[in-house]
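Student: Let me give you the structure first, and then I'll get to my questions.
Values quoted throughout were computed directly from the atomic coordinates according to the rules given, and no laboratory measurement underlies them. Since this is a predicted model, take the numbers as computed values, not measurements. Methodologically, a virtual Cβ is constructed for each residue, glycine included, from the backbone with ideal geometry; neighbour enumeration extends over all protein chains shown.
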Amino acid sequence: MLAEKIGVDSKGLQEQINIFNACSRQGEDIQFGRDPESMVEFSDEGPFYALKMMYNVLNTQGGPERNVKAEILDVNNKPIPHLYGAGELGGICANQYQGGGNLAECLIWGKIAGEQAAQIQDEVDDEASDQYNNINELVDGDQVDAVELDKNQYLGSSDAGIGGKLVVRVTYDDQKIKKVEVVQDHESEDVGRKALEEMPKRIVEANSTEVDAVSGASATSRAIKEAVNKALSQK
């Protein structure tokens with residue numbers, strides 16, 4: 001059954017399908033207020049498919065650093081000719097848990113970047129533009145292949161965090177999670193860092209990933225638990 005394959009309660013799934021079908025027939029979604037014209041009643045024939053979905057922040061995380069003129073900076077903090085950052089890309093909340101302040105950031109930095117770009121009169125040469133090709137912090141920082149594994153150690157990864165791929169090395173022996181090490185991450189330096197420190201301890205103490213997330217760092221906490229579960233699936 002589909003419920004068994006996706007790991008949910010079959011009775012609960014059937015109940016939700018029944019409610020959805022009833023709402024479709026009645027022309028009113030009593031649960032979520034969905035447009036009834038977009039609701040098509042489930043038949044008994046199928047085929048049926050399931051897709052895993054999870055919540056996350058609706059922002060661009062990380063990105064290039066910029067100065068007060070919205071000029072994108074290189075690795076030496078020098079402006080890259082003719083390259084500007086508008087909106088929240090590389091903004092003040094880069095690689096952090098974010099809130100509604102990004103709305104003002106999009107308006108203000110879009111205006112600054114546009115004004116600065118409009119003032120440029122010179123032409124950028126090919127050498128200057130080629131100098132910055134193929135620079136990607138996340139890709140260059142992917143050192144998973146270099147992680148060494150001893151006996152009873154396993155690697156697991158997740159893309160459910162704030163900054164991209166998060167990788168853990170789990171030591172599992174005698175039916176116990178002995179150690180959890182975050183060997184690669186690009187998480188935020190605020191509450192995300194706290195989750196990187198606390199979640200491995202909680203998982204080891206509980207000998208399980210069924211532990212509470214770190215308050216304010218739900219995405220990072222979820223990524224660590226998912227990565228640990230993937231590592232344990234290899235034992």
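Student: Taking amide H atoms as placed 1.01 Å from N in the peptide plane, list the residues 5 or more away in sequence, or in a different chain, whose amide H sits under 5 Å from that of Leu83.
Tutor: Amide H to amide H, under 5 Å and 5 or more residues apart or across chains, Leu83 pairs with Ile72.
Student: Sticking with this one: Taking amide H positions as placed in the peptide plane 1.01 Å from N, state which residues far from Arg66 in sequence (5 or more) or on other chains have amide H under 5 Å from it.
Tutor: Leu73
Student: Still on this structure: For region 111-120, in order, what is each residue's ³J(HN,Hα) by Karplus, 6.51 cos²θ - 1.76 cosθ + 1.60 with θ = phi - 60°, in whole Hz (x at glycine and Pro)?
Tutor: Going residue by residue, I get 5, 4, 4, x, 5, 5, 5, 5, 8, 6 Hz, with x marking Gly and Pro.
Student: Beyond 23 Å, how much of the Cα-Cα pair distribution for region 144-232 remains, as a whole percent?
Tutor: Numbers: 546 of 3916 pairs.
Distances greater than 23 Å cover 14 percent of the Cα pairs.
Student: Peptides 157-168, 41-52, 74-85: what's the order by average Cβ count within 10 Å, highest mean first? All intermediate terms of the calculation are to be shown ahead of the outcome.
Tutor: Values: 157-168: 21.8, 41-52: 8.0, 74-85: 14.3.
Top to bottom by mean Cβ count within 10 Å: 157-168, 74-85, 41-52.
Student: How much FRET efficiency would the formula 1/(1 + (r/R0)^6) give for Val147 and Met1, where r is the Cβ-Cβ distance and R0 is 30 Å, rounded to 0.05?
Tutor: 0.20
Student: Further question: Given labels modelled 7 Å from the Cα in the Cβ direction, how far is it in nm from Glu15 to Asp74?
Tutor: Placing both labels 7 Å along Cα→Cβ, they lie 6.2 nm apart.
Student: Turning to a different aspect of this structure: Ranked by Cβ crowding within 10 angstrom, fewest neighbours first, how are Met53, Met1 ordered?
Tutor: In increasing order of surrounding Cβ atoms, one gets Met53, Met1.
Student: Tell me, what is the Rg over Rh of region 1-53, with Rh the Kirkwood radius over Cα pairs?
Tutor: Numbers: Rg = 11.9 Å, Rh = 12.1 Å.
Result: Rg/Rh = 0.98.
Student: Give a residue-ordered list of calculated ³J(HN,Hα) values for region 226-233 (Karplus: 6.51 cos²θ - 1.76 cosθ + 1.60, θ = phi - 60°; whole Hz; x for Gly, Pro).
Tutor: 5, 5, 5, 4, 5, 5, 5, 5
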